[in-house]
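Any read-out appearing in this document is the output of simple, stated calculations on the displayed coordinates, not a laboratory observation. All figures in this text were calculated on a predicted structure; none of them were measured in a lab. Reconstructed Cβ throughout: ideal geometry from the backbone, glycine too, with neighbour counts over all protein chains shown.
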Amino acid sequence: MTQIIVVTSGKGGVGKTTSSAAIATGLALKGHKTVVVDFDIGLRNLDLIMGCERRVVYDFVNVINGEANLNQALIKDKRCPNLFILPASQTRDKDALTKEGVGRVLDDLAKDFEFIICDSPAGIETGAMMALYFADIAIVTTNPEVSSVRDSDRILGMLQSKSKRAEESLEPVKEFLLLTRYSPSRVTTGEMLSVEDVEEILAIPLIGVIPESQAVLKASNSGVPVIMDQESDAGKAYSDSVDRLLGEELPLRFITEEKKGFLKRIFGS
Amino acid sequence: MQTPSLELKGSSFTLSVLHINSIDLEKVAKELDSKLAIAPQFFIGAPLVVNLSSISDSSYNLAALKDLLTSRQLVIVGITAAINTLSEQAKTLGLAIIKSGKQAQSQPQLPKTTKLVKQNVRSGQQIYAKNGDLVVIGTVGNGAEVIADGSIHIYGTLRGKAMAGASGDKHAVIIAKTMEAELVSIAGQYWLTDNIQANSTTKSGCIRLDGESLTIESLPL
């Protein structure tokens with residue numbers, strides 16, 4: 001059974017695309033045939049993060065409009081044989097997405113892929129609604145700050161009322177919380193909400209905590225999903241999240257402040 | 001501005017009500033005549049409402065009664081307290097069906113119901129329990145709204161807005177296991193977060209109207 005996973009948040013800039021790229025790559029590295037679809041029509045970024053921007057010929061909207069077939073639009077990842085990317089159109093806007101069109105493309109993808117990752121745009125308009133409408137699983141990406149948490153709560157409400165599963169009274173969409181850009185030291189000083197705070201407000205199971213990391217920006221700029229950087233804590237945290245998504249139980253890492261050693265404290269880092 | 005050619009206004013009039021206690025038309029005619037003989041001027045042309053509460057025979061001839069009264073120069077404007085079949089007859093005769101003030105008040109009220117919500121109410125969601133209480137087993141998030149004509153019970157944290165007694169019930173209460181509301185209101189009287197915090201020291205709370213102002217007390221949880 002194909003699982004459709006939407007990576008969503010409501011708020012922009014919290015790490016949806018980074019997370020989509022990392023999770024899709026992680027699933028593919030585990031041997032699952034995965035496709036990641038960019039729903040951010042008009043502001044396409046996923047191809048940059050995935051490092052395939054120069055290979056985009058046809059896009060999602062072309063496929064919906066029947067101007068190209070899926071095989072022409074899908075881009076095979078160079079690093080990972082199980083991974084494909086369906087890029088967004090940069091020249092259209094979100095209204096190019098229709099329920100019928102998106103449903104048809106996802107149905108076609110479901111024939112070949114185990115996991116379909118939908119990278120949602122920010123906001124609660126057409127694009128975001130289309131991305132979450134067909135979802136079986138939602139990964140709600142949230143930063144540990146109040147406005148992001150509020151927007152995530154709104155999106156969770158949408159998942160419960162506007163998704164296909166809600167409209168057809170099927171089993172509800174499985175919701176998971178992915179806390180990104182987490183900085184334990186700022187939590188200690190009270191500048192940032194803690195994991196517990198966010199969990200308490202949103203009341204959905206936590207799938208991972210990704211620490212704020214230099215590696216993320218570096219990875220984005222070089223077009224390599226951060227999960228490939230297994231030296232970095234963000235990369236490791238994403239790997240853990242993917243394992244949890246697949247049903248493994250792992251303890252959380254990188255959520256407490258690293259104690260500086262004696263020498264480091266004297267000489268600085 | 002042009003004056004409108006008609007206006008609709010409400011007024012109340014005092015009308016005489018004629019209670020018919022017998023289905024025997026001749027008997028009624030006889031008694032009526034003797035009554036009219038006492039003060040003929042008073043009754044001529046007087047508008048009358050006929051109370052048919054004692055008539056339970058659906059084959060009763062309302063038209064004949066009307067003819068009888070008309071022949072005595074009485075004007076029937078309508079009937080009241082009639083069984084359904086007689087009301088139907090009255091309609092075909094062009095008579096109004098009048099409900100007395102008392103009767104209108106005793107109209108059966110819709111039974112009070114309870115709306116149960118067994119999930120978290122998220123930001124942007126709005127839940128309204130019409131004509132009854134609202135029970136939420138879960139948390140009401142910031143930016144969410146729960147509204148009820150009756151009381152609101154929240155078995156979780158109330159962070160959003162709660163409006164009880166939305167149609168004016170001053171006896172409605174708002175109860176939450178953890179009270180962190182943005183706004184609470186009962187029958188139009190409201191408190192914001194600051195008011196709640198200023199009046200409460202505990203987590204849980206029961207908010208009700210005491211006279212014209214709200215009060216909060218903690219729950220023995």
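I need the calculated FRET efficiency for the pair residue B:212 and residue B:19, taking r as the beta carbon distance and R₀ as 35 Å, to the nearest 0.05. E(calc), rounded to 0.05, equals 0.20. Label reach from residue B:189 (point 7 Å along Cα→C-beta): in segment B:196-210, amide nitrogens under 17 Å belong to B:196-200, B:206-210.
Residue separation of residue A:222 and residue A:114 scaled by 0.36 nm, minus their Cα-Cα distance, works out to 36.1 nm of gained length. With the helix formula -39500 (n - 2.57) applied to DSSP H stretches of n ≥ 4, the protein assembly as shown reaches a computed 222 nm mean residue ellipticity of -9000 deg cm²/dmol. The Cα center of segment A:95-172 and the Cα center of segment B:150-221 differ in position by 35 Å.
Which whole number gives the average count of other chain Cβ atoms within 10 Å of the Cβ atoms across peptide A:148-161?
The mean count of partner-chain Cβ atoms within 10 Å per residue comes to 5.
Taking label positions 7 Å along the Cα-Cβ direction at both residue A:230 and residue B:204, the computed distance is 5.2 nm, reported to one decimal. A Förster distance of 56 Å, applied to the separation of the beta-carbon atoms of residue A:43 and residue B:221, puts the FRET efficiency at 0.70.
Peptide B:121-128 shows a mean partner chain C-beta count of 6 within 10 Å per residue C-beta. Which one, B:56, B:77, B:42, is farthest towards the positive end of the dipole of segment B:16-97 when Lys and Arg carry +1 and Asp and Glu -1 on their Cβ? In segment B:16-97, that residue is B:42.
Straight-line cross-link reach from residue B:112 at under 29 Å between alpha-carbon atoms covers these lysines, not counting any fewer than eight positions away in the same chain: B:99, B:102, B:130, B:161, B:170, B:177. Computed from label points 7 Å out along Cα-Cβ, the spacing between residue B:61 and residue A:100 is 6.8 nm.
Highest GNM mean-square fluctuation among A:36, A:146, A:224, for chain A modelled with Cα contacts below 10 Å: A:146. Net charge dipole, chain A: roughly 700 debye, given to the nearest 20, about the Cα centre with Cβ charges of +1 for Lys and Arg and -1 for Asp and Glu. Using a cut-off of under 17 Å, list every residue of segment A:114-135 whose amide N is near the label point 7 Å from the Cα of residue A:168 along the Cα-to-beta-carbon line. Within reach of a label on residue A:168, which here means backbone N under 17 Å from a point 7 Å along Cα→Cβ, segment A:114-135 contributes A:116, A:130-135. Label zone of residue B:114 (point 7 Å out along Cα→Cβ, amide N under 16 Å): in segment B:146-174 this covers B:148-156, B:172-174. Return the sequence-ordered ³J(HN,Hα) values of segment A:3-13 in whole Hz as given by the Karplus equation 6.51 cos²θ - 1.76 cosθ + 1.60 applied to θ = phi - 60°, using x for Gly and Pro. Per-residue couplings from phi come out as 9, 9, 10, 9, 9, 9, 6, x, 7, x, x Hz.
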